[in-house]
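A quick write-up on the structure given underneath.
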Amino acid sequence: MTTTRQNLELWAGDHKKLVFIFEHPINLAEGVDTVKWAMSASNKSNPVVEKSSDNGSSEVEVKKDRFIVKLVPGDSENLDPGVYYHEAELTDGDGNISTVAVGEIRLRSTII
């Protein structure tokens, strides 16, 4: 089931760990192939930031009850301030894809 209204606020150029709690804890023994996360100007536009746990990447850390998306300054420092759409999807060991989180991110500018 998708967790909606996962609304966040970020400052451009910051390191940030986005923590998302699974509505129903997953069984890691059964395998999770991938968690993918993306941010875009709207739900109809191409992503401006993408992260994945694919191939042992440390961009997204998957645990039994949560996943953590790790943002670095280069992900947002050149983006315009404003409201962005984000979503995450999980692919299980059988190849089933589920959207697990959606929401908005308010990106704030900085003066430093």
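Quick notes
- Pair list, Cβ under 6 Å, 6 or more apart: the range 35-47 residue at positive phi and assigned to a loop (DSSP other than H, G, I, E, B), other residue surrounded by fewer than 10 Cβ atoms within 10 Å (Cβ to Cβ) and hydroxyl-bearing (Ser, Thr, Tyr): none
The rows are residues; the columns are (1) at pLDDT below 95; (2) over 15 Å from the mean Cα position of the chain (by Cα).
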{"site": "SER40", "(1), (2)": "no, no"}
{"site": "SER45", "(1), (2)": "no, yes"}
{"site": "GLU50", "(1), (2)": "no, no"}
{"site": "SER57", "(1), (2)": "yes, no"}
{"site": "LYS64", "(1), (2)": "yes, yes"}
{"site": "GLY74", "(1), (2)": "no, yes"}
{"site": "GLU87", "(1), (2)": "no, no"}
{"site": "ASP92", "(1), (2)": "yes, yes"}
{"site": "GLY95", "(1), (2)": "yes, yes"}
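- Flag if GLY74 is touching a helix residue (DSSP H, G or I) at 6+ places or on another chain (Cβ under 7 Å) and more than 11 Å from LEU10 (Cα to Cα): no
- Long-range neighbours under 6 Å by Cβ, at least six apart or interchain, first residue touching a residue at least 60 places away in the same chain (Cβ under 8 Å) within the range 56-74, second of a type in the set (Lys, Arg) and surrounded by 13 or more Cβ atoms within 10 Å (Cβ to Cβ): LEU71/LYS16
- Residue in the range 9-20 that is among the acidic types (Asp, Glu), modelled with pLDDT under 90 and in a loop (DSSP other than H, G, I, E, B) present: no
- Subset of the range 57-112 [over 17 Å from SER42 (Cα atoms) and of a type in the set (Val, Ile, Thr)]: VAL60, VAL62, ILE68, VAL69, VAL72, THR91, ILE97, VAL100, THR110, ILE111, ILE112
- Residue within the range 88-101 that is surrounded by fewer than 17 Cβ atoms within 10 Å (Cβ to Cβ), hydrophobic (A, V, I, L, M, F, W, C) and part of a loop (DSSP other than H, G, I, E, B) present: no
The values are calculated or read from the model by the stated rules, or taken from the named source; none is laboratory data. For clarity, every value in this text was computed on a predicted model and none was experimentally measured. With ideal geometry, Cβ positions are generated from the backbone for all residues, glycine too; neighbour counts draw on all protein chains shown.
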